[in-house]
There are 2 protein chains.
Amino acid sequence: MARFTAIVTVTLKKDILDPAGEATAHTLQQLGYPVAGVRLGRHVALTMDAADEGAALRLSRQMADALLANPIMETYQVQVESLCELE
Amino acid sequence: MARFTAIVTVTLKKDILDPAGEATAHTLQQLGYPVAGVRLGRHVALTMDAADEGAALRLSRQMADALLANPIMETYQVQVESLCELE
C-alpha cells in the first residue's frame with residue numbers, strides 16, 4: 001500500500017452558464033484588468049491509501065462520479081501523485 | 001498580443017481548518033471509500049490577451065492578489081498556457 005494524493009478538478013461543462021465566473025470577470029474588469037472571461041471550478045485534493053496509482057485513479061473517479069461532480073452540468077479531471085510508500 | 005488561459009488554483013493554507021473538506025471526507029467514508037482526508041480549493045480559469053506568457057503570469061498574480069485569493073487564509077498557484085496568437 002502507498003499513500004496517494006488525487007487532485008480532482010471539477011469544472012462546468014462548456015455550454016453551461018457560469019454566473020459566478022461572469023461576476024468575477026466583471027469585477028476584475030472594473031479593477032482595470034484586461035480579462036476576457038472567467039470560469040470557476042472546484043479543486044478537490046483527496047488523500048488515500050491504495051495498492052498502486054491505477055487503483056488510486058479508479059477510486060478517485062468513483063468518488064467523483066458518486067459525490068464530487070454533478071454529471072449533468074459538470075465534468076472533471078483526475079491527477080494522481082504518490083506521496084510515500086507505506087510499510 | 002496572444003490569448004492566454006491562466007489557471008489560478010486557490011487553496012487554504014496548511015494550518016487553516018477546512019470544515020467543508022472534512023464534511024466531504026466524512027461523506028465519502030460513509031459511502032465506503034478509503035479516503036484519509038479532503039481539502040477543497042477553487043479552480044479559476046482566466047482568459048486574457050497579453051503580450052507574452054510572462055505578462056500573462058504577472059497579470060494573473062496581480063488578479064489573484066487583488067481579488068481571487070484571501071492572503072490571510074489562502075495561497076495560490078498560477079499556470080499559464082497560450083491559446084493562440086492574435087493578429
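Residue and distance for the chain A Cβ closest to the axis that moves A onto B, in whole Å, come to A:His43, 2.
Only Lys, Arg, Asp and Glu carry charge here, each on its Cβ (+1 for the first two, -1 for the last two); on that basis segment B:2-85 has a dipole of about 200 debye about its Cα centre.
Placing a label point 7 Å from Cα along the Cα-to-Cβ direction at A:Arg3 gives distances to the equivalent points in the other copies of 4.3 nm, listed shortest first. If R0 is taken as 35 Å, the Cβ-Cβ distance between A:Arg61 and B:Leu17 corresponds to a FRET efficiency of 0.80.
Computed packing ranks the peptides A:22-35, B:3-16 as B:3-16, A:22-35, most packed first, by mean other Cβ atoms within 10 Å.
Sorted on the mean count of surrounding Cβ atoms within 10 Å across their residues, most packed first, peptides A:49-59, B:39-49 read B:39-49, A:49-59. Axis of helix A:19-30 versus longest Cα principal axis of chain A: the two differ by about 60°, to the nearest ten degrees.
If you model chain B as an ellipsoid using its alpha carbon gyration tensor, with each semi-axis the square root of five times an eigenvalue, the axes come out at 33, 15, 8 Å, biggest first.
Between copies, the label points at A:Asp15 (set 7 angstrom from Cα along Cα-to-Cβ) are spaced 4.9 nm, reported in nanometres from shortest to longest.
Between this copy and the others, label points of B:Ala36 are 4.3 nm apart in ascending order, each placed 7 angstrom from Cα in the Cβ direction. Take each residue of peptide A:9-20, count the partner chain Cβ atoms within 10 Å of its Cβ, and average: the result is 1.
The angle between the Cα long axis of helix A:53-63 and the main principal axis of chain A comes to about 50°, on a 0 to 90 degree scale. Note on B:28-34: average number of Cβ atoms from other chains within 10 Å of each residue's Cβ is 4.
Every number in this text was worked out from the coordinates using simple rules, so none of it is lab data. Note that this is a predicted model, so its numbers are computed, not measured. All Cβ positions, even for glycine, are placed from backbone atoms using ideal geometry, and neighbour counts span all protein chains on display.
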